[in-house]
Amino acid sequence: MRTLQDFRADAPAPDRARLAPGRQRLLDEAARPRRRLRAGRLLAVAGAVAAVTAVATLATLLPAGQEPEEPAAKPRADQWIYRKTEWRMVNCGFGASGRDGMEMLSVNLHYRKEGESCDLRSLLSRTEEAWGRYDGWTEDMGSHVPPAQTPSGAAYGWGGTDILTPRQSDALVEDLPDDTDGALVLIRKRSIPDRVTSAWRLTQAQRDFAEIAEVLATATSMPEDKGRLLIRTAQELPGAKVTSTVVPGGKEALMALGVEGNYRDYSYERNTFEVLFDPETQAFRGFRLVAGIGYYVGGKKSGGPYVAKGTVLATAMRLATKVVDAHGARP
């Protein structure tokens, strides 16, 4: 009522003469006998009145000329998802693997006395732009006709690079239940398993975290409540940890969420990733890549620098996720 008074503070107060006829009609109506309503009918009437009241109140509270926002239209299967990411990485031989649908999270540092330097104290920056079709189809699949897609169907069959298509991720987000346990069950059911040779050495929590991160990174639309649910689900995984951080070149504080697990001093199994998110809205902002264990780049005998566990090797800040009509188009 206070809000309504603020909106209509300039309205004149009605006098008693104007109120009297209406008051008398209310008294007459209240005195008139009525037939009893069945419980079901009574509940239906009460529900209808509540719904009408809610709609009327909402319309009253909206500023003049403002209409409720329409839900965003879903992308067409043949539209493309444009992704723009700003990278900052250590000045070292940097190998990474992944696919256009999301940032590369599997990294390995290289060092050779002749040719490749490795300075962990200096950073290189670059901007990455990538396009992926909403239904996941690409011309190199060997077919000019996109394959049939289901929420749980795979877009690719190549080992180690399988990720959800944007359409599959959007469907998963839309179907997420409200509780973290149910959300994790659905994510495991819908996600495409990682088939890299090292996957069997990962803990279940590491696998689950990778699948949650994939949904955050590939969905084209993320309602705030769904984003919060995914972050909570990841935070409840065994070994999960959250730290506050400021990314290189940035001024705002973000939260970094990672999961402890199994690592070994071999190739791409030394390092891991963390999800960066806003501390207030918990919206996905990007990733940072960190050392999972302590190791020497190129091996101890190579003379390469030592990387301590937890060293930040790179940050990937998501700048844009937009729907466009063609590969190469920009919003």
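Only the coordinates and a few stated rules stand behind these numbers; no lab work does. For clarity, every value in this text was computed on a predicted model and none was experimentally measured. Positions of Cβ are generated from backbone atoms using ideal geometry, with glycine treated the same way; all protein chains shown enter the neighbour counts.
Descriptive notes on the structure:
- Filter on Lys74/Lys251; Lys251/Lys322; Lys113/Lys322 - keep pairs with C-alpha separation over 32 Å: Lys74/Lys251; Lys113/Lys322
- Distant-in-sequence amide H partners of Ala240 (H built 1.01 Å from N, under 5 Å): Glu260
- Loop-located GluC sites (Glu not before Pro) in segment 85-135, at most 15 other Cβ atoms within 10 Å (DSSP): Glu114
- Low-density loop positions, GluC sites (Glu not before Pro), segment 210-275 - DSSP coil, at most 11 other Cβ in 10 Å: Glu252
- Inter-part distance where segment 108-128 and segment 258-331 are each reduced to a Cα centre, Å: 15 Å
- Taking the number of Cβ atoms within 10 Å of each Cβ as an exposure proxy, the fewest-first ranking of Val312, Val259 is Val312, Val259.
- Tensor-based shape of segment 80-324 (alpha-carbon gyration tensor, a/c under 1.5 rounded, otherwise prolate or oblate): prolate
- Restricting segment 233-268 to chymotrypsin sites (Phe, Trp or Tyr not before Pro) in coil, as DSSP defines it, with at most 11 other Cβ within 10 Å: Tyr266
- Residue exposure sequence - Thr321, Thr203 - by fewest surrounding Cβ within 10 Å: Thr203, Thr321
- Footprinting exposure proxy for Ile187, Ile163 (fewest neighbouring C-beta atoms within 10 Å first): Ile187, Ile163
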